[in-house]
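Chemist: Following this message is one structure expressed as structure tokens.
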């Protein structure tokens, strides 16, 4: 019996079995579930989350103006603290239109950003943290109107945090600023399938990594509170290579598999210009243009190419009244992304009482996913700013 067990054919079979079991552990390719179009995970590609309610209400037209310190470090800010919680909701019309019994979580409370500003004569210092990438969603459905019975539940979590500080200084008619920041990205993707397919089961993909960013900016202002007074800002940001280590855990009907992988998001450049012009004592027109380089994900064999966006809006606030309003529109394009295009529509409100400023903004995006019906992404942001 022992001789039969050690037959060369049996030895070869056992060797192949061991090799197959070991290979997934060393595999560096993307987990199949992550790049499977049937699951429609929103990677590659992302759209920026507004850092505060004022930016949300202006459809991001003020991103590079230098009035907040999050993206243009050439900010002129009075000493004070600002906190901005948000509520985020994604509506996946591209999935619900193709399947039955669609249900999804209404939305998630989270945080947009926070900053603390200080001013010393001609110097300005801002400490900040915000989440430019934030997408949380969970939905379930019965697959396709004509498919064999199959129930799917999918969860997505994309979160990128940037935390750092900026320093600015007046230089003649200009203000110049520099900033450095720590970057942390964590992604999670889950699929839970119940069907007669042997590949049905649970899949969990987690990956995370660290990097850094450096940015520089300038701003210029003249008679900002008088008719035709203006404020302009521009900034450029370098984002370092971001190496993410991940784990794929599959518990399927045909067997269980767990393996590690590595994905590296290449260096990314982004920047833009924003301008604000006072066209009436209480009314300001704001416009912005943003550009970003492509983001290649090595190890996943996915990526995007150069993208751009524009937005414009009106900011109305009569100094004799405690309240004001904002409105904005815009468009974004991110070639190569799962969701390549988005239209922007926003509205916002402000209320001022002494050293306390309360802002609220709603930013609506309609997301294009091929020829499927457009999905939507809504961010409701509130900001509390207190002078100290």
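The values are calculated or read from the model by the stated rules, or taken from the named source; none is laboratory data. From a predicted model like this one, the values you see are computed outputs, not experimental measurements. Cβ sites come from the backbone with ideal geometry, for glycine too, and all protein chains shown count toward neighbours.
Chemist: Would you confirm whether or not the range 200-215 contains a residue that is part of a strand (DSSP E or B), more than 21 Å from the chain's Cα centre (by Cα) and at positive phi?
Modeler: Yes, some residue in the range 200-215 is part of a strand (DSSP E or B), more than 21 Å from the chain's Cα centre (by Cα) and at positive phi.
Chemist: Which of the following residues is more than 14 Å from the chain's Cα centre (by Cα), surrounded by 15 or more Cβ atoms within 10 Å (Cβ to Cβ), in a loop (DSSP other than H, G, I, E, B) and in contact (Cβ under 8 Å) with a residue 12 or more places away in the chain: 336, 343, 361?
Modeler: None of the other options fit; the residue is 336.
Chemist: Give the residues of the range 233-254 that are in a strand (DSSP E or B) and surrounded by fewer than 18 Cβ atoms within 10 Å (Cβ to Cβ), sorted by residue number.
Modeler: Once the filter is applied, which keeps residues that are in a strand (DSSP E or B) and surrounded by fewer than 18 Cβ atoms within 10 Å (Cβ to Cβ), the range 233-254 yields 236, 238, 243, 245, 247, 249, 251, 252.
Chemist: Looking at residue 67 and the list (1) crowded, with 22+ Cβ neighbours inside 10 Å; (2) modelled with pLDDT under 90; (3) farther than 26 Å from residue 304 by Cα, which single condition is not satisfied?
Modeler: (2)
Chemist: Looking only at the range 172-199, how many residues end up being under 24 Å from residue 121 (Cα atoms) and outside any strand (DSSP E or B)?
Modeler: Going through the range 172-199 one residue at a time, the tally reaches 2.
Chemist: Here's a follow-up. Output yes when any residue across the range 90-104 is surrounded by fewer than 17 Cβ atoms within 10 Å (Cβ to Cβ), under 22 Å from residue 215 (Cα atoms) and either modelled with pLDDT of 90 or more or touching a helix residue (DSSP H, G or I) at 6+ places or on another chain (Cβ under 9 Å) (or both), and no when none is.
Modeler: The answer is no, given that none of the residues of the range 90-104 is surrounded by fewer than 17 Cβ atoms within 10 Å (Cβ to Cβ), under 22 Å from residue 215 (Cα atoms) and either modelled with pLDDT of 90 or more or touching a helix residue (DSSP H, G or I) at 6+ places or on another chain (Cβ under 9 Å) (or both).
Chemist: Could you say which residue among 30, 51, 75 is farther than 28 Å from residue 297 by Cβ, part of a loop (DSSP other than H, G, I, E, B) and touching a residue at least 60 places away in the same chain (Cβ under 8 Å)?
Modeler: 75 is the lone residue from the list that is farther than 28 Å from residue 297 by Cβ, part of a loop (DSSP other than H, G, I, E, B) and touching a residue at least 60 places away in the same chain (Cβ under 8 Å).
Chemist: For the range 258-267, does any single residue satisfy the condition of being under 16 Å from the mean Cα position of the chain (by Cα) and either assigned to a strand (DSSP E or B) or surrounded by 15 or more Cβ atoms within 10 Å (Cβ to Cβ) (or both)?
Modeler: Yes, because at least one residue in the range 258-267 is under 16 Å from the mean Cα position of the chain (by Cα) and either assigned to a strand (DSSP E or B) or surrounded by 15 or more Cβ atoms within 10 Å (Cβ to Cβ) (or both).
Chemist: Report, by residue number, each residue of the range 307-330 that is exposed (fewer than 15 other Cβ atoms within 10 Å of the Cβ) and free of Cβ contacts under 8 Å to residues at least 24 places away in the same chain.
Modeler: 320, 321
Chemist: Something else about it: Could you give me the residue pairs with C-beta distances under 6 Å whose first residue belongs to the range 126-154 and is on the phi > 0 side of the Ramachandran plot and surrounded by fewer than 20 Cβ atoms within 10 Å (Cβ to Cβ), whose second residue is in a loop (DSSP other than H, G, I, E, B) and at pLDDT below 95 wherever it lies, and which are 6+ apart or on separate chains?
Modeler: Qualifying pairs under 6 Å: 144/99.
Chemist: Could you give every pair whose Cβ atoms fall below 8 Å, whose first residue belongs to the range 222-248 and is on the phi > 0 side of the Ramachandran plot, and whose second residue is in a loop (DSSP other than H, G, I, E, B) and surrounded by 13 or more Cβ atoms within 10 Å (Cβ to Cβ), counting only separations of at least 6 or pairs across chains?
Modeler: Between residues of the range 222-248 that are on the phi > 0 side of the Ramachandran plot and residues that are in a loop (DSSP other than H, G, I, E, B) and surrounded by 13 or more Cβ atoms within 10 Å (Cβ to Cβ), the close pairs are 223/229.
Chemist: If you don't mind, there's one more thing I want to ask. Does the range 77-89 hold any residues that are crowded, with 20+ Cβ neighbours inside 10 Å and modelled with pLDDT under 95, and which are they?
Modeler: 77 - this is the single residue of the range 77-89 that is crowded, with 20+ Cβ neighbours inside 10 Å and modelled with pLDDT under 95.
Chemist: So which residues in the range 113-153 are assigned to a strand (DSSP E or B), under 26 Å from residue 385 (Cα atoms) and over 28 Å from the mean Cα position of the chain (by Cα), if there are any at all?
Modeler: Within the range 113-153, 119, 120, 123 qualify.
Chemist: Can you name the number of the only condition in (1) modelled with pLDDT under 95; (2) more than 30 Å from residue 246 (Cβ to Cβ); (3) out of contact with any helix residue (DSSP H, G or I) (no Cβ under 6 Å at 6 or more places or on another chain) that residue 314 fails?
Modeler: Single failed check for residue 314: (1).
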